[in-house]
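**Q** One structure follows; several queries about it will come next.
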Amino acid sequence: MHKNLLILAGVVAMAGANAQSLYNNAIPAGLADEGLRTGSRPAGGSYSECQLTNTTAGWSAGFAATGLYFRLADDFSVGGPGWVVNSITVWAYNTGATTPTITAGNMVIRSGSVNGGVAATAASFTNNGFTDIYRIFNGQPGDTRRVQKLTFTFNADVLAAGNYWIDYSLTNVAGSLNPFNPSLTKVGATNTPGANAQQFNPTTGLWTSVIDTGSSTVQDLPFWIDGQVVPEPGTMIALGAGLAALAARRRRK
């Protein structure tokens with residue numbers, strides 16, 4: 001048991017020291033102008049523009065009524081020997097905000113489905129401030145929806161291979177204001193392949209698909225996950241041997 005704890009401690013330590021991008025649909029590799037960004041903004045920065053017939057700029061993950069909050073969810077898959085999750089980043093905006101407004105949030109990772117058991121819970125929330133991205137309706141440039149970057153930090157939680165869902169809500173500096181989350185954008189398309197994001201309505205107690213009003217298509221949410229791939233069994237054995245040797249040297253001193 002002691003040896004297993006040493007190995008796990010080593011994995012967690014490596015994850016903290018060598019965090020890497022495990023999943024990123026917000027800025028897909030090779031698609032710099034798709035995901036969150038659709039093109040340049042003349043005044044500087046980028047637009048995230050609703051495409052074609054899309055008419056919904058964002059979906060709520062915030063205040064609905066006293067003590068009640070909408071929630072948003074989207075899925076991802078873990079392969080191989082598993083992941084050590086350090087943080088998950090999402091994006092949201094408040095129309096007309098001139099300073100970052102989102103002060104708190106909570107997130108859980110669920111196993112298998114949006115109603116699945118909790119596999120991990122975020123330990124803390126950070127608003128990283130405004131990005132240079134502005135969410136706009138199709139063909140309607142503007143600067144009233146500046147996107148904020150939000151990070152949930154985890155305690156190096158280990159996820160085995162399988163399918164998972166992020167499930168989160170957000171709180172503004174004034175609880176009655178509602179943060180909205182932009183959907184993923186694919187230039188020239190109304191949604192992205194396989195889109196299946198969900199929204200929880202606290203008044204009905206139900207999860208339903210995140211659907212754009214204008215195009216009637218299901219959307220996906222931008223998010224990225226940082227951490228480390230769990231080492232393969234052979235690496236784990238070597239790590240365990242190294243840690244055991246280190247412990248033995250310390251005992252001899």
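Readers should treat all values here as calculations from the given coordinates under stated rules, not as data from a laboratory. From a predicted model like this one, the values you see are computed outputs, not experimental measurements. So basically every Cβ, Gly included, is an ideal-geometry build from the backbone, and we count neighbours across all protein chains shown.
**Q** With point charges of +1 on the Cβ of Lys and Arg and -1 on the Cβ of Asp and Glu, referenced to the Cα centre of region 20-230, which listed residue (Leu22, Val114, Pro100) lies farthest in the positive direction of the dipole?
**A** Pro100
**Q** Using the scaling law 2.2 N^0.38 Å as the reference, what is the normalised Cα Rg of region 183-232? Write down the numbers at each step before the final one.
**A** On the way: Rg = 14.7 Å, N = 50, 2.2 N^0.38 = 9.7 Å.
So region 183-232 has a normalised radius of gyration of 1.51.
**Q** Mind sorting Thr66, Thr171 by how few other Cβ atoms lie within 10 Å of their own Cβ, fewest first?
**A** Numbers: Thr66 7, Thr171 19.
Least crowded to most crowded, the residues run Thr66, Thr171.
**Q** Only counting other Cβ atoms within 10 Å, I'd like Val118, Val85, Val210, Val187 sorted with the fewest neighbours first. Write down the numbers at each step before the final one.
**A** Numbers: Val118 10, Val85 28, Val210 24, Val187 14.
Final ranking by Cβ density, sparse to dense: Val118, Val187, Val210, Val85.
**Q** For region 65-163, report the % of Cα-Cα distances exceeding 20 Å. It would help to have the intermediate numbers written out before the result.
**A** Values: 2418 of 4851 pairs.
The answer is 50 percent, as a whole percent.
**Q** Test of understanding: extend the Cα→C-beta vector of Thr208 to 7 Å, then name every residue of region 50-66 with backbone N under 17 Å from that spot.
**A** Those under the cut-off are 55-62, 64-65.
**Q** Return the Rg/Rh value of region 20-230, two decimal places, where both radii are evaluated on C-alpha atoms and Rh is the Kirkwood radius.
**A** On the way: Rg = 16.2 Å, Rh = 17.2 Å.
My calculation of the ratio gives 0.94.
**Q** Mind jotting down the distance between the C-alpha centroids of region 179-201 and region 104-160, whole Å?
**A** If we compute the Cα centre of each part, the gap is 14 Å.
**Q** What ranking of Leu52, Leu206, Leu22 emerges when the number of other C-beta atoms within 10 Å of each C-beta is taken as an exposure proxy, fewest first? Numbers along the way, then the final one.
**A** On the way: Leu52 15, Leu206 10, Leu22 19.
The fewest-first ordering by Cβ neighbours comes to Leu206, Leu52, Leu22.
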